[in-house]
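First comes the structure, then the notes that go with it.
The values are calculated or read from the model by the stated rules, or taken from the named source; none is laboratory data. Only a predicted model underlies this, so the values are computations on that prediction, with no experimental measurement involved. Methodologically, a virtual Cβ is constructed for each residue, glycine included, from the backbone with ideal geometry; neighbour enumeration extends over all protein chains shown.
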Amino acid sequence: MSSTIDFAKVLEIGRPPNIQKLFPHSKALLVSGKVVDRALIAKGGAMTMAANGRNYFVIRGVLMAAQRANSAIIIEIARSECNYCGVNFWNMARIVDALCNEMGITIPVAIHADHYGIKQESDLPEAKVDIPSIFDAGITSIAVDASHMLDDKNLLANLELNAVIPDWAGLETEVGEIKGEQGLSTVDDASFLIKGLNAHGICPDWIALNNGSTHGLEASGQGIQVPLTGEIHKALAPYGTSGAQHGTSGNSSDKLRSICKETATTKANVATALQMVAWGLEVNDDGNAIMDDSGKFIKLKNEGVSEEMWQHIVAYADEQGWNGGDYKKLNLPLANKLLGQPAAIRSRMCKRVEDFTYNMLVNVFSAENSADLAKEAILEAGSHDLGAKAERIEDPVEWTKEKIIERAKGLDTDRGPEGDFDD
């Protein structure tokens, strides 16, 4: 940490009110997602990892790597992951705070509720109760994902739910369900969503696009469309919206570097790769787990979990009929057994995640030393709340519910095939 930065002052003013209430004596710098976004913007040509903390080992290893790289970081979990992981919206902040205090972590960490999915309008009443509860539990940033619905309903859902999201919190929105090559997002539909929000005084920190990514380990040839992403981000620049890149696991380092340099992306979600790395599976340079000729994962000897534990994992998965991407479902039922391994095994699992994440942060994402920029942004603002990045541009009279519905009729609403993916 830069010797010129007063960490005590940053800690005093930089933690949002929910974090101060939950952890009044903590020395962990849990911050709004806005703070992390601004730090990477200030760095320029850089993004940081939004690590899906599916288990304790991933969270611990990522925090160690971020501290080592002096990088601002995001720890997140998706709403769907809460169903098959021991980590969820209601305990993630407590886990992160405890680990930061234990290990003396001083870099800024945002706690992000990713893919808070709204599949239909009937989901909204539950969401209005649910969302305040996750902020009560320490969430500092949220992704409202109503991208499964048509454009007008997506925008209207975002508008309705904004009333229960704190103004200081990091905010992500999404257009075009992430599912691959068909139904790609366009300047038209992304602008529709962001302009409609802007008209109502809402300035999302990030937008996630269907830009050719697929959640899970990348298997397709073409993958993320960098020029398309850059074109959309350029069109949204007046509205202060950065990019959130989903589906980064398994993409080549060169592709990810080009995203840093050629788009306005500041947040890159990584989930599956971290899980595989923690377990000790053989992965290529891009984080893709390598399989043998029979389609089974290859476990590296003396890496990750113990050999006995890996045999148990495979046997359990076989009993359930799980393979490939279904291995994500193992996080919850086997959590206690994984945590019950000897200390040396647990340490090497975390260390493997640390080394993988550190390389990504420093050599791919250019996120090193962004932690200081985040702290400086807090000190400059004199607050945990950095405010919006853009003023209202659009006329709210032109973005009433009726006019939103009418405007949407002229948009391309081809969503492509159904999908079920994780980052």
- Using the structure shown, decide if residue 80 is under 23 Å from residue 271 (Cβ atoms) and either surrounded by fewer than 24 Cβ atoms within 10 Å (Cβ to Cβ) or modelled with pLDDT under 95 (or both). yes
- Message: Between a residue in the stretch 342-366 that is at positive phi and assigned by TED's automatic domain parsing to the domain that holds residue 61 and any residue that is crowded, with 17+ Cβ neighbours inside 10 Å and part of a loop (DSSP other than H, G, I, E, B), which pairs come within a Cβ distance under 6 Å, given they are 6 or more apart or on different chains?
- Response: 366/46
- Only one of (1) in contact (Cβ under 8 Å) with a residue 60 or more places away in the chain; (2) outside the structural domain of residue 358 (by TED's automatic domain parsing); (3) on the phi < 0 side of the Ramachandran plot does not apply to residue 294, and that is (1)
- Taking the stretch 189-216 and keeping residues of a type outside the set (Phe, Trp, Tyr), at pLDDT 95 or above and part of a helix (DSSP H, G or I) leaves 190, 191, 193, 194, 195, 196, 197, 198, 199
- Evaluate the following for residue 122: is it among the polar types (S, T, N, Q) and crowded, with 20+ Cβ neighbours inside 10 Å? no
- Task: Look through the stretch 217-235, keep the residues that are buried (at least 18 other Cβ atoms within 10 Å of the Cβ) and assigned to a loop (DSSP other than H, G, I, E, B), and return whichever of them is modelled with the highest pLDDT.
- Result: 225
- Message: So in the stretch 129-166, with the set limited to residues that are farther than 23 Å from residue 194 by Cβ and not hydrophobic (A, V, I, L, M, F, W, C), which one is nearest to the chain's Cα centre (by Cα)?
- Response: 138
- So residue 74, is it in contact (Cβ under 8 Å) with a residue 40 or more places away in the chain and assigned to a strand (DSSP E or B): yes
- From the residues in the stretch 1-54 that are part of a loop (DSSP other than H, G, I, E, B), among the small types (Gly, Ala, Ser) and at pLDDT 95 or above, which one is farthest from residue 206 (Cα to Cα)? 26
